[in-house]
Amino acid sequence: MKQLRDPAFWQCVRESEDYAEYRRIIKKHYEKNRFHGDIPEISFKTRIRFDIDGDREEFAGVYFRRRHAMTFTALMALIYPEEHRYIDELQEVMWAICGEFSWILPAHLRFSPGDDNDYIDLKAPDTAFTMAEICLLLGDRLHPKIHKRVKDEAKRRILDVFKRGHQNWEDAENNWSSVIGCYTAATVLYLFPEEFDAALERIRSVAFESFFRSYSEEGTCFEGLGYWHYGFGTFVWFADLLLECKGIDLLQGEKIRRIAGFGRRCFLRGDTIISFSDCERHGRLNPGLMTYLHRRFPESVKPVPGWMMPIPEAPENWLELTRSMLYYDPTPAEGTFEPESMDLPDSGQVLIGTGKYSLAVRAGDNNVHVSHCDVGNFIFSTDEGQILCDMGVGHYTRDYHDLSLRRSFFCIGSQGHNVPILNGETQKQGEEYRGTIAHNGNRIELEISGAYGLENFRRFDRVFTHEADSVTLTDSFDPDYDSITERFTTLLRPSVEDSAIRIGASSLEYDPALAPIIQPHAVDLPGGTKTVWTMDFDLPRGLDHVTFVLRP
């Protein structure tokens, strides 16, 4: 933080070739998001759009444009202090944000016990913290009324709400308890230091404890790489700020060390990542975060090649971008990356990395927070990417997060994963619907019938036998079933060749007595509608096992 307050740092950002890409990105997003003339109001119709039809994007477009304009205009003002127009533009957008009816996203109001300003969601304290830090960095270059209004609005929308009593996110075993807790504490640290000790004690003892319970003992983030960046990354940057300002080190303990190493182990062959739950199939690591974690935990956060952690082309927020710049290492490691094999029993996962393929297998349970109904699911990836895929996160809408509707979404329900359909039923959601997993030699052994909650289906054993150049999948079950459909999914167009399905350069071999049924499905994913192909095998009654072979 001291470095961010040093004009010499911003002079370096302005002049050094090492920061040329950052300058390009900042200028690009400044021009894209700046307002020419008056800043449009956020209309009532836009504010209530989510309540009408569940659309999140109309409001998000105008809400986040204001915050992007604030972030990139403030950075331009820090890099080019002689250009007074940046301060003029910045003050206008900060004033407009201070005047918003609410800083809470409409999609988050379902958690609010009161009105639109009686809750702290993910983005309200992010907004407050960003303005508070901008005020600190720019100091008297900003008008005193900007400083006062930022403090007044932060008190009304953040501190006063926090002091009224317990909020439900403090018990949330997911990224919310970290993100909201960190931003709230950091806002109080900057603007209301006399209240900070009490706020930190409460957040540490409740919210942070809840957050770390959401991780396995091996450091697995069940929400995926993106939420690891968001939840744990925000915690790291708050911990760094706290260490500098108060001498308190939150980055202590074996579990935190293991969590720090999670990002690296998400990567599979073919420039893809483990996309279980609401995680995208492709991702990158933040260069500043990885540099910082490697310095703090060199034994568990090994260096990764530069291509895995490029400068973020579309930074999410002020905190991510400024810390990426602050800890940027212009000389990252070179070379290739080889995925590792890991047994993660507390996570319910096994990861296999070979010179030809990656295999990620999960059991665990079908808990309902951004997890999918996919006990027994697996990802088979080669240098071509995910051959048998987990399509990952879908397009967020109101219904997507409705617990009564979630498993009807193709990318969430087990019907959209590499798991069977038993007696015409897909898996149920909830912590009680679970499976077991064990890794013995070259055999990964699962039992997954408990994920379906079927009284008349007592056993479904799934065994992966992994060799250097193939994976054999054998499913075993009692022969008195009504129906079993073995299902596999891919984003690559498959074709049948003899007793094999060709998927890219790989093949899925099957018993010639079986006949695959291949169907396309249009699925709404981030970035647009994608075609996902299912490959089904309806088993004749009376079998007690079936075998498939994957060859990269």
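Values computed for the structure shown
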read-out	value
Pair list, Cβ < 7 Å and 6+ apart or interchain, from segment 348-375 residues that are over 24 Å from Gly430 (Cα atoms) to residues that are β-branched (Val, Ile, Thr)	Lys356/Thr382; Tyr357/Thr382; Ser358/Ile352; Leu359/Ile352; Leu359/Val471
Those residues of segment 329-352 which are surrounded by fewer than 19 Cβ atoms within 10 Å (Cβ to Cβ), on the phi < 0 side of the Ramachandran plot and either part of a loop (DSSP other than H, G, I, E, B) or small (Gly, Ala, Ser) (or both), in sequence order	Asp329, Pro330, Thr331, Pro332, Ala333, Glu334, Thr336, Phe337, Glu338, Glu340, Ser341
Gly226 of a type outside the set (S, T, N, Q), within 25 Å of Val393 (Cα to Cα), part of a helix (DSSP H, G or I) and in contact (Cβ under 8 Å) with a residue 24 or more places away in the chain	yes
Whichever residue in segment 293-325 is in a helix (DSSP H, G or I) and touching a helix residue (DSSP H, G or I) at 6+ places or on another chain (Cβ under 6 Å) and, among such residues, is nearest to Val13 (Cα to Cα)	Met325
Residues located in segment 467-501, provided they are under 17 Å from Gln415 (Cβ atoms), over 32 Å from the mean Cα position of the chain (by Cα) and surrounded by 16 or more Cβ atoms within 10 Å (Cβ to Cβ)	Ile484
Any chance Gly504 is at positive phi, in the same structural domain as Gly394 (by TED's automatic domain parsing), surrounded by fewer than 19 Cβ atoms within 10 Å (Cβ to Cβ) and modelled with pLDDT of 95 or more	yes
Residues (charged (D, E, K, R) and closer than 25 Å to Ser358 by Cα) located in segment 509-552	Glu509, Asp511, Lys530, Asp536, Arg551
Residue in segment 130-139 that is of a type outside the set (A, V, I, L, M) and over 30 Å from Glu209 (Cβ atoms) present	yes
Cβ-Cβ under 9 Å pairs, at least 6 apart or on other chains, segment 102-113 side modelled with pLDDT under 90, far side basic (Lys, Arg)	Arg110/Arg398
Residue, surrounded by the most Cβ atoms within 10 Å (Cβ to Cβ), within segment 254-279, restricted to residues that are among the acidic types (Asp, Glu) and outside any helix (DSSP H, G or I)	Asp278
Any pair with Cβ under 7 angstrom, 6 or more apart, that starts in segment 21-45 at a residue that is more than 24 Å from Ser102 (Cβ to Cβ) and ends at one that is surrounded by fewer than 17 Cβ atoms within 10 Å (Cβ to Cβ)	Ile25/Glu313
Unique match (being assigned by TED's automatic domain parsing to the domain that holds Glu89 and either in contact (Cβ under 8 Å) with a residue 60 or more places away in the chain or touching a Gly at 6+ places or on another chain (Cβ under 6 Å) (or both)) among Leu136, Leu159	Leu136
Residue check for Leu525: hydrophobic (A, V, I, L, M, F, W, C), within 26 Å of the chain's Cα centre (by Cα) and modelled with pLDDT under 95	yes
Phe212 among the aromatic types (Phe, Trp, Tyr), surrounded by fewer than 21 Cβ atoms within 10 Å (Cβ to Cβ) and over 21 Å from Met131 (Cα atoms)	yes
Residue within segment 524-537 that is part of a loop (DSSP other than H, G, I, E, B) and charged (D, E, K, R) present	no
Count - residues of segment 96-130 that are surrounded by 15 or more Cβ atoms within 10 Å (Cβ to Cβ) and out of contact with any helix residue (DSSP H, G or I) (no Cβ under 7 Å at 6 or more places or on another chain)	6
Test: residue in segment 156-164 that is more than 16 Å from Leu105 (Cα to Cα) and outside any helix (DSSP H, G or I)	yes
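The values are calculated or read from the model by the stated rules, or taken from the named source; none is laboratory data. In this text the structure is predicted, and so the values were computed from the model without any measurement. Every residue, glycine among them, receives a Cβ derived from its backbone with ideal geometry; neighbour counts consider all protein chains shown.
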